[in-house]
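Bear in mind that the values in this text are calculations on the coordinates, not laboratory data. Quantities reported herein were computed from a predicted structural model and do not represent experimental measurements. For neighbour counting, all protein chains shown are included, and Cβ atoms are generated from backbone atoms with ideal geometry for every residue, glycine included.
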Amino acid sequence: MRAARFIPLAVLALLLAGLVWRLATPGDTTVGSKLQGQPVPAFALAAAVSAKPGLSASDLASGKPRLVNIFASWCVPCIGEVKVLQELKARGVTIDGIAVRDRAEDVAGFLARYGDPYQRIGSDPQSGVQISLGSSGVPESFIVDGRGVIRYQHIGAIEQGDVPLILAKLEQAK
Amino acid sequence: MIAEAGLAALWLATGLAALQFVLMIGVLRSRVAAAPAMRPIAVVQGVLTLIAFAALLLVFATTDLSVALVAENSHSAKPFMYKVAGAWGNHEGSMLLWVTVLAVAGAFLALLSRRTSERTLVAALGSQAALALGFYAFLLIASNPFARLNPAPLEGRGLNPLLQDPGLAFHPPTLYFGYVGLSIAFSLAFAALLTNDVDARLARAMRPWVLGAWIFLTLGITAGSYWAYYELGWGGYWFWDPVENASLMPWLAATALLHSINVLAARGALKAWTMMLAVVAFSMSMVGTFLVRSGVLTSVHAFSIDPERGTFLLALLAIYVGAAFILFALRGATLKEGAPFELVSRETGLVVNNLLLSVILGIVFLGTLYPLFVEAVSGEKLSVGAPYFNAVAGPLALILAVLVGLGPLLAWRRERRPVLKRLTVPALIGVTALVMTVIVAPQMTILPRLGLTVAAYLAAASVLPLVGRNPLRTPLATWGMVVAHLGIAVALAGMGANAAFTQERLAVARPGERLSVGPWTVLFAGVSPAAGKNWTAIQGELQATRGEGVVTLKPETRYFTDPPTDTNEAAIETFWNGQLYTVIGKGDDSGAWQLRLWWKPFVTLIWLGGALIGFGGALALLGRLWVRRRRRGAAGDWRKARYA
């Protein structure tokens, strides 16, 4: 029983060790979405450009997996990502876009200049849907399966080297 | 001048705290029984911190922009109330408030304490001064609230608009009274372990402090939960966010302490356990302060990360909690347990209560810090959210709620009567509720269903201690217990109803469109501009109806100018059977607006329950203090003449 009296002290030591470590290595604070494996939260976004329809949660449960790309015309890494998305589109991937904190004319200009891999583009002017998806920045992409369940979250731009990974994840989501 | 006066008061208070600490060492090392100077010094120290805090309030009230803290956190165009509240809406000011509460609590302990032995009181005041000393050093070295700017800027940088809300202006001080009030329990436990004075008398001295701090914590958490609900515009009341957990953990420990202290006070048992809880409760407050102030955990409460301050606070935490736990480990074994009790007794009930509360505390502690440890060990990032907390803590909380109905019916020492029989009616009411939920909502998930069942049972069971008693002759403390336990049932009912019956509608709508949510049909009549003192807004007009009568709701998106931020002001309409909760987002170019609508049946019961729990605590505290005064009066105390 004597030893039991040292338990609080041991817990404290462990806690202090953890906190000292955290203070010494303030890691980056990217946190993955908690929604992987969960249905897409309900949302309905108006069209970001007049030429394409907007995006709502029900559009995502279309029976086959889709890639949802969160982007913005003001986001520099997004420009490089378009090329890779075009390639994915050429391989038969359906891609929807969510334009975050953007204006219609800017989005249209972005698409005209760098390419347009998107089937639907919703406008998320206050990042509300972005936040509800558990995304913290642009670009970010989600793979949503045919029943509207989020299967994979890709933080940051999809690079050329990520293409096999994305295709494999889409295959798994079937 | 005012700022300098505040700083001087802070330095003087530091000096007195150091003197108190030295006095304590002197008394404990010698055979001297008392130090007559201790009480007045503690009182003066409290008064000095009050002067320092008043100085801070004054510079904020007059928007003295030559004070760096004011320039960074205030603005001349801000409403007066938020100018004053701005004093504690920032790091330095809130730490000053913290240490002020600490010192003033010490002063009150010095003024009011008649129950403990003089030696233990001296040790307790010395321990309180040692706590204060560390936080004074933290303020003076690492976060001086009175630092000047030269030249003074022409205008301040404003205050986070989320904080310009009456709920939030008063939520942090309320929580701080609770957090820091527990320091007295900590100091008394520390002192009693030092002087080998752990007994029923100490428990009775400690009890009002624990009760008072616990009331503030309960009300602070309830108010914070309601603030998050209506101000953040997410429609949720609890997010298991690290900062929320930081306030929940001391509450759980204090709730356990509140119950075990009764066993110590009445029966002289559970000595070591109660002392440990007293230490743990305040330690959890300090851990909470550290987590919030250092920003080590990612949280919606985005306070800035500052490694230097973090290290300082961590060192304080290590010293104080470490010292208390070392003392506990060395002295705990020498405590002799008091009167024995049988398996079926009030004591056993309270032990089970304590075990369950401690396990829930462990679960919340683990869930809050687990991401940190996983990342430290494996480098993997993860976050622990509501699914874990609800799934693990939820069932335990329900078991506890079931036992809350039983515990107060048990007699001290041993129970020979068939107590379970008295629970027949509550059990039947619970079963009826269960059957009704199956009929009304067969699809409901298990946790809300059980929540509603237990709520119905507990609502009936909690009033049983009053049955067959003359209400006027029932002690106030018993009334308090009944009200607080009833509050648990009420809050549980609200949580269950909210989880089970909430209806949500997210839509992009144009003026003139009709939307339906739950029993309501909502007409989106249009939008119009609105303006306040330091903000402009787009205000939506929604006309809601469910058959008869029309209710108009006006949710807003506000744009604050300093600093430029926009916030959603939800429009909430309360009815006897629930709340209609509406939020308007931004519009798009085609004239459509994002609308979020919720119908939340009986959600208000959550906070009504929280308020009842706090009110029950207040009744109990009043009862305890009143009994104490009456006893003292009967003994022919000098106070008798004064109050006659």
Report Rg (one decimal) and Dmax (nearest whole number) for segment A:66-124, counting Cα atoms only, units Å. 10.4, 30
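Direction-averaged shadow area of the convex hull around the Cα atoms of chain B, nm²?
Numbers: hull surface 133.5 nm².
Projected over every direction and averaged, the Cα hull of chain B covers 33.4 nm².
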Percent relative contact order of chain A, based on C-alpha pairs within less than 8 angstrom and at least six residues apart? 29
In whole Å, what is the distance between the alpha-carbon centres of segment B:331-407 and segment A:48-117? 48
If you split all Cα-Cα distances of segment B:1-164 into 5 Å bins from zero, what percentages do you get per bin, shortest first? 2, 10, 18, 18, 15, 11, 9, 7, 5, 3, 2, 0, 0
What are the extents of the Cα atoms of segment B:506-601 along their three principal axes, in Å, largest first? 42, 31, 20
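Report the semi-axes of the equivalent ellipsoid for segment B:105-147 in whole Å, largest first, where each axis is √(5λ) for an eigenvalue λ of the Cα gyration tensor. Working shown, then result.
Working: eigenvalues 158, 22, 4 Å².
Equivalent ellipsoid semi-axes, largest first: 28, 11, 4 Å.
Provide the packing ranking of B:128-137, B:372-381, i.e. peptides ordered by the mean count of other C-beta atoms within 10 Å per residue, highest first.
Working: B:128-137: 24.3, B:372-381: 13.2.
The peptides rank, most packed first, as B:128-137, B:372-381.
In peptide B:319-325, how many Cβ atoms from other protein chains are near each Cβ within 10 Å, on average? If you can, show how the numbers build up before the last one.
On the way: counts 0, 0, 6, 4, 0, 3, 9.
Taking the mean over all residues of the peptide, I get 3.
Per residue of A:48-55, how many C-beta atoms from partner chains lie within 10 Å of its own C-beta, taken as a mean? Before the final figure, lay out the partial values.
Values: counts 2, 1, 2, 0, 0, 0, 4, 0.
Taking all residues of A:48-55 together, the mean is 1.
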Out of residues 5 or more away from B:V517 or on other chains, whose amide H comes under 5 Å of its own, with H placed 1.01 Å from N in the peptide plane? B:V522
Distance from the Cα centre of segment B:512-585 to that of segment B:1-64, in angstrom? 49
Within-12-Å neighbourhood charge of B:L410 [Cβ basis; K, R +1; D, E -1]: +3
How many percent of the alpha carbon pairs in the protein assembly as shown exceed a separation of 37 Å? 50
³J(HN,Hα) computed for each position of segment B:358-371 - Karplus, 6.51 cos²θ - 1.76 cosθ + 1.60, integer Hz, glycine/proline x: 5, 5, 4, 4, x, 5, 5, 4, 4, x, 6, 9, 3, x
What span do the alpha-carbon atoms of segment A:29-172 cover on each of the three principal axes, reported in whole Å from largest to smallest? 36, 34, 31
Considering only B:A507, B:F575, B:A525, whose Cα is most displaced toward the positive end of the charge dipole of segment B:506-601, charges sitting on Cβ of Lys, Arg (+1) and Asp, Glu (-1)? B:F575
Student exercise, the protein assembly as shown dipole from Lys, Arg, Asp, Glu Cβ charges, in Debye to nearest 20: 4160
Taking Cα pairs closer than 8 Å and at least 6 residues apart, the relative contact order of chain B in percent is 11
Other residues with Cβ under 14 Å from the Cβ of A:A157 give, with Lys and Arg +1 and Asp and Glu -1, a net charge of -4
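Give me the inter-chain shielding for B:375-384: mean count of other chain Cβ atoms within 10 Å, whole number please. All intermediate terms of the calculation are to be shown ahead of the outcome.
Numbers: counts 5, 8, 2, 0, 1, 0, 6, 3, 5, 1.
Counting other chains' Cβ atoms within 10 Å and averaging over B:375-384 gives 3.
Using the crude model of +1 on Lys and Arg Cβ and -1 on Asp and Glu Cβ, and no other charge, please compute the dipole size for chain B relative to its Cα centre, in debye to 20.
3380
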Once Lys and Arg get +1 and Asp and Glu get -1 on their Cβ, which of B:A489, B:W11, B:F146 lies farthest toward the positive end of the dipole of the protein assembly as shown? B:A489
So what's the net charge close to A:Q130: Lys and Arg +1, Asp and Glu -1, counting the other residues with Cβ under 11 Å from its Cβ? -1
Positive-end extreme of charge dipole, chain B - chosen from B:S590, B:V603, B:W234 (charges on Cβ): B:V603
Under-5 Å amide H pairs with B:W412, H placed in peptide plane, nonlocal only: B:R346
Give me a comma-separated list of calculated 3J(HN,Hα) values for segment B:479-485, in order, Karplus coefficients 6.51, -1.76, 1.60 applied at θ = phi - 60°, integers in Hz, x for any Gly or Pro. 4, x, 4, 4, 5, 5, 5
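Please give the charge dipole size of segment B:1-164, origin at the Cα centre, charges +1 on K and R Cβ atoms and -1 on D and E Cβ atoms. Round to the nearest 20 debye.
Working: 10 positive and 6 negative charges, 133 e Å.
The dipole of segment B:1-164 has a size of about 640 debye.
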Using amide H atoms built in the peptide plane, which far-off residues or other-chain residues are under 5 Å from B:A525 H to H? B:G512, B:E541, B:L542, B:Q543
Once phi is turned into ³J(HN,Hα) by the Karplus curve 6.51 cos²θ - 1.76 cosθ + 1.60 with θ = phi - 60°, what whole-Hz value does each residue of segment B:422-434 show in order, with x for glycine and proline? 5, 8, 4, 4, x, 4, 4, 4, x, 4, 4, 4, 4
Average projection area in nm² (convex hull over Cα atoms of segment B:390-477, one quarter of hull surface): 7.4
Ratio of segment A:104-165's C-alpha Rg to 2.2 N^0.38 Å, to two decimals? 1.24
How far is it, in nm, from the label point at A:S50 to the one at B:Q443 when both lie 7 Å from their Cα along the line to the Cβ? 4.0
Between segment B:230-255 and segment A:118-153, how many Å separate their Cα centres? 27
